[in-house]
Every structure is written in C-alpha cells, then in structure tokens.
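Presented below is the structure to which this report refers.
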Amino acid sequence: MRTRKALGLTVGGWALWRIFGPVTRPKSRGPQVHPLPVPGRTVFVGSKEYMVRETGLPDAPPIVLIHGWVYDSIATFCRLVPYLVDRFRVIMIDQRNYGGSRGLYEEYEIETVADEIAAVLDALDVRQATVFGYSMGGMVAQALARRHPGHVHQAVLAATAANPMRRPLIDALGMAGLRISWKLGNMEGARVTRAVLGRAGAFGPEHDRWLWDVMLARDVELNMRALRAIKRFDSRKWIAQLDPPVLVIIPTRDQVIRPAGQYELAGLVKDPVVLELAARHEAIFTHAAQIADAVVEFVEKAQ
C-alpha cells in the first residue's frame, strides 16, 4: 500500500510539474557550435513558405535531400552533407511543419508534400536531380518520382518502405502512446532522443544547446499529422512503374522501419541497386560515409 501511494504521489507530482513548471533545456558544457552551418533562404509557393539550404558546387549535378519524420534537414543530414559537397550541388528542403518552413495546421498526405517539394524545385529552376529520401522522406521521394517525374533523374530510397505501417492495433497503440507522452512532457522524449543520437555519434556535446532547442521546439500536433500521413501511405500498386533508376539503402537492424518492409520495397522497384548496412535507423549518422560512397557510385553509373 505504501509503495502504491508513493508511486502515485511521484507520478502525480511529475504530472503537475510538467503541466505548471517551466520548460528549460539542460545546461550545456563546453563551447557550443552548430552541426552544419549552412545558411538558408525561404521560397514561397503561393502563400506557403519553405526553407531551402544550398551548399556544394553550384554548377555540379544537383542532389535534393528530403528528411524524415521529427527531424528537419540539418538534423537529418548533418553527417552526410560534408561527404557530398565536393561532388554535388546539395539542396536541402525542410518539409512543411519542420525546421524553417511554415507550420500548417491542416491534414495532408505524403503526396501533398511531394507536390510542395516539386513546386519549390520549380521555383529554384531545378530539374532532373538525384532525389535522396530518408525514412518518411523516402516515401515523399517515391511520390515525387510518380507525380513529377521530370524532377527525378534517379532516386535514392533509404530506410524507407512502400507501406510502412500495416499492423492496425500495434500502430494505433503506438501512436496513442506517443501523443500522450509528448503532451505530458516533451522533455522526457527529448532526453530519450538525445540518448539515442548520442550513442549513434550523431551529435557531440558541442551540439547540445542547438539539439535541445530543436527537440524542445517540436510541435506535437504537427508531428502527429505527419505520422498519420505516413500510416496512410501505400505505393505498392504503382512503385514498379517508376522509370528512374533507384538505389535502395536498407539498414538491416532498423528498429523504426521494419527491414522486411524495406526488402519488400526493393523487390517491388524495377531493377534496383541495393545497399545493405548492418545498422539501425540511425544509419544516416553512423554510416554516412558508406551511404555517400554508394550514392556517388550510383549517380556516376546512372549518368
């Protein structure tokens, strides 16, 4: 009885603190730096505003990097970009609701994001690019290749699937749990994320201030709308009809997008090049050099 009462008081006290207490990031130790200080600019598509960051060689073949769920372009590709800047014109676009792009409180589909990316590329006068999509970004890249084939010279689909969420009860429970935990305390989710990324070597202690600010600024509702769009996405009926050459990158120990779903995607794509990595979903950080080498080789052979 005493244990139950103590537990109840602890949980109740934590909930009250999360409801009424301030949200502050932990103190950072040592000098702090930005992980990828690439300046950006915004592009308007109608009344909607999107953040674009460019680096690399202006006259080189363009590569468009499309980030995944929860993290924006800088957070997703900070380890990969340094390996690409000597070979490509690197273009990073923050999807709606992420990074420097506008937050739009409306339901949408993955195809909506693909249309928006295409409109941004039109504004940049970029066509026939290599399109690299990671996780949710890989779903956007699939839709972009289908709906706007003139923009996609070749596609890289990494840590992604044709139909990633196919277990209705488990998916529903997981989404509900995420929503509740985020609503009660963004700090707890940020701590878990920081620990995972720290183990992956994605960010060092010199990035703490930047990383905490990024994580604590996450909008629960907008992230859940993106997750619902992921749940509805299904390219299995049309992915085999895509014409651009495709490189599929599969982290074989992926804990977020089931490897079975990633292998299914590779089996559906027409004549894919496949790279298997003994890695988790954080492969974009832990295996950035290998991914970059595979992308460069794939692009050179496809030209």
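The values are calculated or read from the model by the stated rules, or taken from the named source; none is laboratory data. Keep in mind that this is a model prediction, so the values were computed, not measured. Backbone-built Cβ (ideal geometry, glycine too); neighbour counts: all protein chains shown.
What are the residues in the stretch 200-258 that are charged (D, E, K, R) and more than 19 Å from the chain's Cα centre (by Cα), if any?
Glu206, Asp208, Arg209, Arg236, Lys237, Asp243
Within the group Gly30, Gly40, which residue is modelled with pLDDT of 70 or more, farther than 22 Å from His67 by Cβ and either surrounded by 12 or more Cβ atoms within 10 Å (Cβ to Cβ) or under 30 Å from the mean Cα position of the chain (by Cα) (or both)? The unique qualifying residue is Gly30.
Name the single residue, out of those in the stretch 231-277 being of a type in the set (Asp, Glu) and farther than 18 Å from Gly68 by Cα, that is surrounded by the most Cβ atoms within 10 Å (Cβ to Cβ).
Glu264
Could we say that Ile291 is surrounded by 13 or more Cβ atoms within 10 Å (Cβ to Cβ), touching a residue at least 24 places away in the same chain (Cβ under 8 Å), assigned to a helix (DSSP H, G or I) and touching a Phe, Trp or Tyr at 6+ places or on another chain (Cβ under 6 Å) here? No; evaluated as a whole, the condition is false for this residue. Conditions: (1) under 22 Å from Val256 (Cα atoms); (2) surrounded by fewer than 22 Cβ atoms within 10 Å (Cβ to Cβ); (3) of a type in the set (Asp, Glu). Asp94 meets all but one. Number of the miss? Exception for Asp94: condition (2).
Annotation note: Cβ proximity below 6 Å between a residue of the stretch 58-76 that is hydrophobic (A, V, I, L, M, F, W, C) and a residue that is part of a loop (DSSP other than H, G, I, E, B) (sequence gap 6+ or interchain) occurs for Ala60/Phe88; Ile63/Phe88; Ile74/Leu36. In contact with a strand residue (DSSP E or B) (Cβ under 9 Å, 6 or more places away or on another chain) and within 27 Å of Ala129 (Cβ to Cβ): is that true of Ile230 in this structure? No.
For the stretch 115-161, a residue qualifies if it is of a type in the set (Lys, Arg) and either buried (at least 23 other Cβ atoms within 10 Å of the Cβ) or part of a helix (DSSP H, G or I) (or both), and the qualifying residues are Arg146, Arg147. Selection over the stretch 77-106 of residues that are within 16 Å of Asp293 (Cβ to Cβ) and outside any helix (DSSP H, G or I) gives a count of 8.
Just so you know, in the stretch 23-73 the residues that are of a type in the set (Lys, Arg) and assigned to a loop (DSSP other than H, G, I, E, B) include one that is nearest to Ala161 (Cα to Cα), and it is Arg25.
Of all residues in the stretch 237-273, those satisfying the criterion of being of a type in the set (A, V, I, L, M, F, W, C), closer than 16 Å to Ala294 by Cβ and out of contact with any Lys or Arg (no Cβ under 9 Å at 6 or more places or on another chain) are Leu247, Val248, Ile249, Ile250, Ala266, Val269.
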